[in-house]
Each structure stands twice: as C-alpha cells, then as structure tokens.
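*Asks:* Encoded as structure tokens, here's the structure I'll be asking about.
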Amino acid sequence: MAGIYIHIPFCKSKCGYCGFYSLPSLKLKERFLEALKAEIVGRKDYLASEGMSYRPQQPIDTLALKARYDMGCKGSVSMPSEAPTIHTLYFGGGTPSLLSIDEIGDILHLIKDTYAIAENAEITLEANPDTLSPEYLEGLRRLGVNRLSIGIQSFFDDDLQYLGRRHDAHHARQCLDWAKQAGFSNISIDLIYGLPTSNAEQWNKNLDVFFAYDLPHLSAYALTLEPNSILTKQIELGKARPINDEDALRDYGILCQRAKENGFLHYEISNFCRRGMHSKHNASYWFGTPYIGFGPSAHSYDGTSRQWNVASVSSTFAAEKEELTPEQLYDEYVMLRLRTHWGIDLKWLKREMGERFSTYCEQHAQPLIAQGRLSQTREFLYLTDEQMLFADGVAEELFWES
Ligand code: SF4
C-alpha cells in the first residue's frame, strides 16, 4: 500500500496569505510537464527500493484487517521485491485545475502505465473555483478523478477580497453545484477562519452553507501570517486589517461544536469528515504509509528515509535525502499522531518500535495528563478538541531527548 503525490506549482496569481511554493504564471508549464513525466518514469523503483522496510501503522478501525510490513528499527522482515500497489493519488498545488483535461489525462495515463494502481484508488485533485466550469468537471470525472478538494475559503465576498482570492462567493456556490451535477460525491472544501472581516455570526453562516451542501469533508484552517506573504506585508504597512488569536480561538470553538452537532468526526486538527470519508491520502502521512512525491517541493517517504525535491522548476527536480534514525521515527510518530483523533497507540509503539520508546512516551505523558494537556484511554494517548490546538507544544514535550 502506498501513495503518489503530484505537485502542480502554478497559480493564476498569488493569494495574499499564500506560503506555498507556486508560480503566478504558466510560462514554465511545458518545461515542468516534461520534467514531471521524466520523474514519474525515472523514479519508478523508489517505492520498491531495498532500503524500504517499514510497517505502516493503520487506523484503529482497520488495524486487524491489513497485512503489514515490519519496521526497520525493530528487526525487519524483507520487503516483497515488486512495488507496492498505489491506493491514493493526489494532485496538489498550486492550482492543479489550471492544467487542461488533456494534460491531467496524460499524467494519469503515464502513472497508470508505470505503477500498479488499485482499481478503487482514491484520486484527488485540488481545484480553485476560478478555474472550474461544468465541462472541466465532467472531463475530470471521465478521467477517473473521484475526489475533489476545492479552495472555497469563504462564502462571503469581503472575506475573499481580504484573502486576495480570485473568485467570488456566487462562483464558489456555483462550483459546488457543478461538481455535484458532474457526478462528484466525494467533495471536500477548504474554509479559512479567524478573519478580521468576519465575526462569530458570519463564520456560523459560512458553516451553515457548508452543511447545507451535504458534503462529506471539510478542511478548515486558522488564518496564519506567512513570512513574506503579501498579506503580512500589507498588515505591516497598515494597509490591511491585522488578525488576532482571539478571533481564531472563537471560530475554532464554533467549528468543533457545529461539526459535532452535524455528525462530523474531527479526525485531524484541521479536518472533519462524515464517517469513513476522511482523506485516505492525507491519512497515509499520519500512518507512516510510504509515498512518492513528484514535482518541485514534493516530499517522498519510503519507510526509513525522507526525500524532498527542491522548490524550483527546471528540467529535472533535484532531490535531497535524509535517513531517519529510530529516535527520529519516534518523534515523527508522536508529532503526526497527536494531530489526529487516533492518537498515540502505546501498544503499537511497544510492539513495533520497542519498549524503550513506549515506556519513555508513557512516562513523559504523565505530567501532561496531570496538567490537563493530554488525555489517555487505555493504551491510547490523544488530544481532545480543546487540547488539539496545542498539539505541537505537547508533542515537543514527548520528543526523544538524546
Ligand atoms: S491558490 Fe493556493 S497555492 Fe495558489 S496562490 Fe492561492 S493559496 Fe497559494
């Protein structure tokens, strides 16, 4: 079981708050597509490489169901020689929906010719409303894309203008109607909260619209100021209204409450879903499933090492690599799992990484539990809705001290 991520680094223009690697022009598109195709073929053995010995963790409800590989840090079992089947494919960006249907089709065909893709693979494409039309969405369906992640951000024009988005609220709604008409049922949208143009009432209305569309998945992020973003500079110059933590905290509380009332599972700090409708691709990051990333700034993970492509479009994507020690693997496990409702599985930790890690983790967890910053149910350490916002600080206190 493994995943593929494809980074499409182009946008029509830069949103005010953006901190991602993306170019606000399509000038380098042809060069990028050529390099991307070369990388897809050239790295076809990455996921079956000899260095790969791992035992991906599974979500609690599927733990018993999947055959798994052993983990390198505790006596490994040899990996099958053939490459693992790909169960998730994710076009992220940037704005993947800036590519034409033919261009996306070419990439998909090449991937299917080069890798073993599961028949029921989750194929997600991130899209921005200003690039969508009914014809385009129907084209994506025909290609086999079966999940959309749409960057709506808000259903209010004043929020969208503040964020420097290219679409308006009317078009945001139109896109959701078109996506449903084109046959998509697995649709996620992004919303941003903690905006100075909004308030509790407006944020509630945003959520009203989301729930009225009866979509299975929501990703909601607090607005953060990225260094060197347009919005950060505008605020520094006094040309845009500043943001404050109280607004974000208020909106986060509303979000958690409304999600619960509407039967959504809060399965990761920023992600909410109907039962069984979590992003399989993103969950694979949290469960240590290997994945290969193509395109500038894309990351890859083979079970024992991380690799990341340099954030630049050229004829090849140069990569840097880091082998992970057992201690680093432990830190990653703690950090990633605390962000999710699945939490840290102490039994798994003991069985797969060794007792020294599970004992260390449990001991260091006790003061945090006493302070009300961490919760425990039997062998699981996890964070409640209220505690989740401070996941990074809690994780730091559980990290391995060398
Ligand atoms: S669409 Fe996304 S990646 Fe592109 S500029 Fe806006 S925030 Fe950045």
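The values are calculated or read from the model by the stated rules, or taken from the named source; none is laboratory data. Bear in mind that the values here come from a model prediction, so they are computed numbers and not experimental data. FYI the Cβ positions are ideal-geometry reconstructions off the backbone, even for glycines, and counts take in every protein chain you see.
*Asks:* Kindly list, by first and then second residue, each pair from a residue in region 278-297 that is within 26 Å of LEU23 (Cα to Cα) to a residue that is among the small types (Gly, Ala, Ser) and in a loop (DSSP other than H, G, I, E, B), limited to pairs with Cβ atoms under 7 Å and residues at least 6 apart or on different chains.
*Replies:* Listed pairs, sorted by first residue: PRO296/ALA311; PRO296/SER312; SER297/ALA311.
*Asks:* Still on this structure, I have one more. Looking at this structure, is GLN161 touching a residue at least 60 places away in the same chain (Cβ under 8 Å), away from the ligand (no atom under 13 Å from the Cβ) and part of a helix (DSSP H, G or I)?
*Replies:* no
*Asks:* Select from region 310-322 the residues that are without any contact (Cβ under 8 Å) to a residue 60 or more places away in the chain and not basic (Lys, Arg) and list them in ascending order.
*Replies:* Matches in region 310-322: VAL310, SER312, ALA318, ALA319, GLU320, GLU322.
*Asks:* Being assigned to a loop (DSSP other than H, G, I, E, B) and either under 16 Å from GLY293 (Cβ atoms) or modelled with pLDDT of 50 or more (or both) narrows it down to one of MET52, MET79, so name that one.
*Replies:* One residue alone meets the criteria, MET52.
*Asks:* If a residue must be surrounded by 19 or more Cβ atoms within 10 Å (Cβ to Cβ), touching a helix residue (DSSP H, G or I) at 6+ places or on another chain (Cβ under 8 Å) and not aliphatic (A, V, I, L, M), how many such residues does region 236-255 contain?
*Replies:* Of the residues in region 236-255, 1 are surrounded by 19 or more Cβ atoms within 10 Å (Cβ to Cβ), touching a helix residue (DSSP H, G or I) at 6+ places or on another chain (Cβ under 8 Å) and not aliphatic (A, V, I, L, M).
*Asks:* Consider ALA318 against the criteria (1) surrounded by fewer than 17 Cβ atoms within 10 Å (Cβ to Cβ); (2) modelled with pLDDT of 90 or more; (3) at negative phi: it satisfies all of them except one. Which criterion is unmet?
*Replies:* So ALA318 meets the others, but not (2).
*Asks:* Mind checking which residues of region 306-328 are out of contact with any helix residue (DSSP H, G or I) (no Cβ under 9 Å at 6 or more places or on another chain) and farther than 19 Å from HIS7 by Cβ?
*Replies:* GLU323, THR325, GLN328, listed by residue number.
*Asks:* A follow-up question, please. Going by the conditions given, is ARG147 within 16 Å of the ligand (Cβ to nearest atom), over 17 Å from LYS205 (Cα atoms), of a type in the set (D, E, K, R) and surrounded by 19 or more Cβ atoms within 10 Å (Cβ to Cβ)?
*Replies:* No.
*Asks:* Give region 299-315 a look and list any residue that's crowded, with 17+ Cβ neighbours inside 10 Å and modelled with pLDDT under 90, or say none.
*Replies:* ASP302, GLY303, THR304, VAL313
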